[in-house]
Amino acid sequence: MRKLVAGNWKMNGLTADGVARARDLAARAKAAPLACEIALCPPATLLVPVGQAIVGSGLALGGQDCHAEPAGAHTGDISAPMLKDVGCTYVIVGHSERRHEYKESDAVVRAKAAAAVAAGLCAIVCVGESAAERASGRTEAVVVHQLQGSLPPKLGPAKLVVAYEPVWAIGSGRMPTAQDVASVHARIREALRDLTTEAVAVRILYGGSVKAANARELTAVANVDGFLVGGGSLNTEEFWTIASAYG
Ligand code: PEP
């Protein structure tokens, strides 16, 4: 599988700036395609115009969350078939901001991932430890436990991407060392052998304060198959430089 660099715009952007960013990235991708796959995950309000802006560019579109049900009385929510309908191929589920702000459990995340796959999307399932969990030496146990609870059974690389995002590194400018990232990603790969099919090919992204300045070093870390980028994806030059780290 190609490496994947996904930009999570979170709750940022109105039509003008979101579309301008998407057009800029699409133009760069058409002019000089990168080795990695790139996915843009704008807020739901921008999925359609961003999707239109990237047609023919090779860039992929993703949602930031989906409901576990395909339709129904869930005011304010968006379903996986709806994301598919507007051109998404990916959806992020279990982002730490949703796990914490909305108290989403592993079981909820698993149901959302299963719904995503049922709708024909590839689920980007996020896991990661808190600062307290890291300080008490429980990082790998926490991450494996989250994987066991959050992954639907036996998905393969076309349907599943795992994103390791230490909660304390998200938006903070702080990062684990490359060695720490390597250890956790190796442990995730090992856990995936029991939980997925073709575990060796399931992409494991690193996320948490990835910037142009540190991306290249991270590309050299074993079992890092790309990045999930928050703040750094809101600046076109920064995001393109991050993705360009893969050549
Ligand atoms: C994220 O929210 O997925 C993320 C990685 O954020 P940031 O890059 O800003 O740390």
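The values are calculated or read from the model by the stated rules, or taken from the named source; none is laboratory data. Note that the structure is a prediction, hence the values are computed from the model and not measured. Here Cβ is always computed from backbone atoms with ideal geometry, including for glycine, and neighbour counts include all displayed protein chains. These area figures cover heavy atoms from the full protein model, side chains too; ligands, DNA and RNA do not enter into them. Shrake-Rupley method; radii C 1.70, N 1.55, O 1.52, S 1.80 Å.
Annotations
- Against the test of being open to solvent by 40 Å² or more (accessible area, probe 1.4 Å) and within 15 Å of the ligand (Cβ to nearest atom), the options H74, H100 yield a single qualifying residue, H100.
- Qualifying residue in the stretch 107-124 (condition: within 14 Å of the ligand (Cβ to nearest atom), open to solvent by 20 Å² or more (accessible area, probe 1.4 Å) and of a type outside the set (V, I, T)): no
- Scanning the stretch 7-28 for residues that are within 20 Å of V210 (Cα to Cα) and either touching a Phe, Trp or Tyr at 6+ places or on another chain (Cβ under 7 Å) or part of a helix (DSSP H, G or I) (or both) yields a count of 4.
- Hits in the stretch 212-233 (condition: under 15 Å from the mean Cα position of the chain (by Cα) and on the phi < 0 side of the Ramachandran plot): V224, D225, F227, L228, V229, G230, G231, G232, S233
- Among the residues making up the stretch 205-214, those that are among the aliphatic types (A, V, I, L, M) and surrounded by 23 or more Cβ atoms within 10 Å (Cβ to Cβ) are L205, V210.
- Residue list for the stretch 220-239, restricted to those being more than 10 Å from the ligand (Cβ to nearest atom), open to solvent by 10 Å² or more (accessible area, probe 1.4 Å) and in contact (Cβ under 8 Å) with a residue 60 or more places away in the chain: D225, T236
- Applying a threshold of 7 Å to beta carbon distances and a minimum spacing of six or more residues, or different chains, the list of pairs starting in the stretch 169-180 at a residue that is within 9 Å of the ligand (Cβ to nearest atom) and ending at one that is part of a helix (DSSP H, G or I) and hydroxyl-bearing (S, T, Y) reads I170/S96.
- Residues that are in contact (Cβ under 8 Å) with a residue 24 or more places away in the chain, open to solvent by 20 Å² or more (accessible area, probe 1.4 Å), within 16 Å of the ligand (Cβ to nearest atom) and part of a loop (DSSP other than H, G, I, E, B) occur at least once in the stretch 128-148.
- Residue match in the stretch 185-198 (condition: over 22 Å from H95 (Cα atoms) and in contact (Cβ under 8 Å) with a residue 24 or more places away in the chain): yes
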